[in-house]
1. From the residues in the stretch 14-29 that are modelled with pLDDT under 95 and of a type in the set (G, A, S), which one is surrounded by the most Cβ atoms within 10 Å (Cβ to Cβ)?
2. Restricting to the stretch 61-97, give me the number of residues that are closer than 20 Å to N33 by Cα, of a type outside the set (A, V, I, L, M) and touching a Phe, Trp or Tyr at 6+ places or on another chain (Cβ under 9 Å).
3. Among the residues of the stretch 116-135, write down those that are within 14 Å of the chain's Cα centre (by Cα) and not acidic (D, E).
4. Identify all residues within the stretch 39-64 that are closer than 21 Å to A131 by Cβ and among the hydrophobic types (A, V, I, L, M, F, W, C); write none if there are none.
5. Among the residues of the stretch 91-107, count how many are touching a residue at least 40 places away in the same chain (Cβ under 8 Å) and at negative phi.
6. Condition first: assigned to a helix (DSSP H, G or I), among the hydrophobic types (A, V, I, L, M, F, W, C) and either touching a helix residue (DSSP H, G or I) at 6+ places or on another chain (Cβ under 7 Å) or closer than 20 Å to S20 by Cβ (or both). Can you find one or more residues in the stretch 116-123 that meet it?
7. F111 passes all but one of (1) in a loop (DSSP other than H, G, I, E, B); (2) in contact with a Ser or Thr (Cβ under 8 Å, 6 or more places away or on another chain); which number fails?
8. Taking the stretch 30-60 as the region of interest, how many residues are under 16 Å from R88 (Cβ atoms), crowded, with 17+ Cβ neighbours inside 10 Å and either basic (K, R) or touching a strand residue (DSSP E or B) at 6+ places or on another chain (Cβ under 8 Å) (or both)?
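The values are calculated or read from the model by the stated rules, or taken from the named source; none is laboratory data. Source: prediction; values computed, not measured. In this analysis, Cβ positions are derived from the backbone assuming ideal geometry, glycine residues included, and neighbour counts consider all displayed protein chains.
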Amino acid sequence: MNQDFPANPGRDARPAGPGSKIFVYGSLKRGFNNHAFLRGQSFLGTARTAAGFRLFDLGDYPGMIAWPGDQAGVEGEVWVVDAACLARLDQLEGTAEGLYRRAAIALLAPFAGQAVETYFYLHSVEGRRDAGSIWIERKDRR
């Protein structure tokens, strides 16, 4: 397990409500290979996390972890998703298997102070490529 998971990233995943806000930063973004999982949900806008987070290349998708030295944050999108979509996302992200953990994330304006969750990668990123703050999907991965 990744020992760098933030001690207090907010709170653990809350039960799905009628409109849960989720921050996506990788293959779920518009134009990326897993975006179909968000079909029928509401795009609210682009966003950036507060400093302290970093993306690592896991192959076809990134993993976000706490990274104390980061000053840029991570760029992504905020969506409002219904309970059924949130359950599909949890399955995709492997939350039951301990691959990712859905938890609160601090975002900068215009989403600062809002209840938004994201998926934190829970395993070691040792030996993985540092993907920085923006996930760019490579065409040769498809």
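1. Once the filter is applied, the top-ranked residue is A16.
2. Qualifying residue count, the stretch 61-97: 13.
3. Once the filter is applied, which keeps residues that are within 14 Å of the chain's Cα centre (by Cα) and not acidic (D, E), the stretch 116-135 yields V116, T118, Y119, F120, Y121, L122, A131, G132, S133, I134, W135.
4. Restricting attention to the stretch 39-64, the residues satisfying the condition of being closer than 21 Å to A131 by Cβ are 46-64.
Answer for the stretch 39-64, where residues must be closer than 21 Å to A131 by Cβ and among the hydrophobic types (A, V, I, L, M, F, W, C): A47, A50, A51, F53, L55, F56, L58, M64.
5. Residues meeting the conditions: 9.
6. no
7. So the condition that F111 fails would be (2).
8. Total meeting the criteria: 2.
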